[in-house]
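K.L.:
Questions regarding the structure given below will be posed in turn.
The values are calculated or read from the model by the stated rules, or taken from the named source; none is laboratory data. Worth saying up front: this structure is predicted, and the values here are computed from it rather than measured. Every residue, glycine as well, gets a Cβ built from its backbone with ideal geometry; the counts of neighbours run over all protein chains shown.
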């Protein structure tokens, strides 16, 4: 292995393993590229579920990004701690989470927090709970345009729900949230056609809203795969997230996107149990394991290998160059899916100029910080 490779740390012997590495210069470069694609920082609702770190949010704030999207109340509070003033929680909050959202609003009164609604019953519950607290619940209507994971279908009743959101006394509806994460064609033109075709009914819904003399809605659309499509349409707000750190999965699929790997897993060889096999201290507690074993990690400084098994703290790898691999040797790997990989770590080593210079807490992995 060349010691001049971008990922190699000159002080790797000081780092424990397995560990998460965040390459700060590359994060900043990815943020710059994300802004360039969007054309304007105001168009970005960057999703922070990928990085979950206050320091990364601060880097985006320093670049002029002011609006963020997240998945949990913990991530929303992490963003507020970092200094964000505008956060959309991209979930319909039910049960005790409505009370937690009220508590979050009271703890950070200068921060705009919104959540998603796709049910009249939940909208009415939000109105009741927030009314009791003498607050207003800020919401977006979650629209299902084909992913079938959440959101109200684009049917004859969606306009009635949208009108209802504007009529409830302690609710303020700001617009639509449309997530088309199911569209992931490798070819950009095919993906573009599918994204735009999936947005036709959304456009018809927007026309119906206009015809109803309701306020023009703000539209937050897509994620990282459809980012380069929605960015072409000037009135749409974009919410990429993975691109700030990037990963092997999207890197191979989304060839038109110019982002660089900025998060790696560092692991060490801990055993050579038999000829042709090595074991590393990277089990499925160290890298996202929701995909088949051949889609978990890609090592940058190992050739002709196959990850053949993982348990909680071990990864077993079949290698060809077994004789030249040493116990204690460091391997650097790109996660196939970086978002849940980051969520496995309490902290990450931050890397600058091929040196680890400190550690960043992955604060947003907590389901509850204070609220």
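K.L.:
Restricting attention to the stretch 135-171, which residues are touching a residue at least 24 places away in the same chain (Cβ under 8 Å), within 22 Å of residue 207 (Cα to Cα) and assigned to a strand (DSSP E or B)?
P.N.:
If the condition is that a residue be touching a residue at least 24 places away in the same chain (Cβ under 8 Å), within 22 Å of residue 207 (Cα to Cα) and assigned to a strand (DSSP E or B), then 139, 140, 141, 142, 143, 144, 152 are the ones that fit.
K.L.:
Oh, and also: Can you name every residue in the stretch 309-348 that is within 13 Å of residue 289 (Cα to Cα) and over 17 Å from the mean Cα position of the chain (by Cα)?
P.N.:
309, 310, 311, 312, 313, 314, 315
K.L.:
Kindly provide the set of residues from the stretch 349-368 that are closer than 13 Å to residue 9 by Cβ and either part of a loop (DSSP other than H, G, I, E, B) or under 20 Å from the mean Cα position of the chain (by Cα) (or both), ordered by number.
P.N.:
Across the stretch 349-368, the qualifying residues are 349, 350, 353, 354.
K.L.:
Report every pair of residues separated by at least 6 positions or lying on different chains whose Cβ atoms are under 8 Å apart, first residue within the stretch 64-75 and assigned by TED's automatic domain parsing to the domain that holds residue 110 and free of Cβ contacts under 8 Å to residues at least 40 places away in the same chain, second assigned to a helix (DSSP H, G or I) and surrounded by 21 or more Cβ atoms within 10 Å (Cβ to Cβ).
P.N.:
Cβ pairs passing all conditions: 65/31; 68/57; 68/60; 68/79.
K.L.:
From 266, 254, 331, grab the single residue that is surrounded by 17 or more Cβ atoms within 10 Å (Cβ to Cβ), touching a strand residue (DSSP E or B) at 6+ places or on another chain (Cβ under 9 Å) and under 30 Å from residue 72 (Cβ atoms).
P.N.:
After applying the criteria, what remains is 266.
K.L.:
Mind telling me which of the residues 208, 185 ends up being in a loop (DSSP other than H, G, I, E, B), modelled with pLDDT of 95 or more, in contact with a helix residue (DSSP H, G or I) (Cβ under 6 Å, 6 or more places away or on another chain) and surrounded by fewer than 18 Cβ atoms within 10 Å (Cβ to Cβ)?
P.N.:
185
K.L.:
I would also like to ask the following. Restricting the search to the stretch 36-64, which residues are surrounded by 18 or more Cβ atoms within 10 Å (Cβ to Cβ), over 14 Å from the mean Cα position of the chain (by Cα) and more than 24 Å from residue 366 (Cα to Cα)?
P.N.:
Hits for the stretch 36-64 are 37, 38, 43.
K.L.:
From the set of residues in the stretch 222-251 that are modelled with pLDDT under 95 and more than 20 Å from residue 146 (Cα to Cα), which is surrounded by the fewest Cβ atoms within 10 Å (Cβ to Cβ)?
P.N.:
So in the stretch 222-251, the residues modelled with pLDDT under 95 come out as 233-235.
Remaining after also requiring more than 20 Å from residue 146 (Cα to Cα): 234-235.
Details: 234: 8, 235: 10.
This residue is 234.
K.L.:
Just to be sure before I move on: is residue 351 farther than 17 Å from residue 272 by Cβ, surrounded by 18 or more Cβ atoms within 10 Å (Cβ to Cβ) and outside the structural domain of residue 289 (by TED's automatic domain parsing) in the structure I sent?
P.N.:
It is false that residue 351 is farther than 17 Å from residue 272 by Cβ, surrounded by 18 or more Cβ atoms within 10 Å (Cβ to Cβ) and outside the structural domain of residue 289 (by TED's automatic domain parsing).
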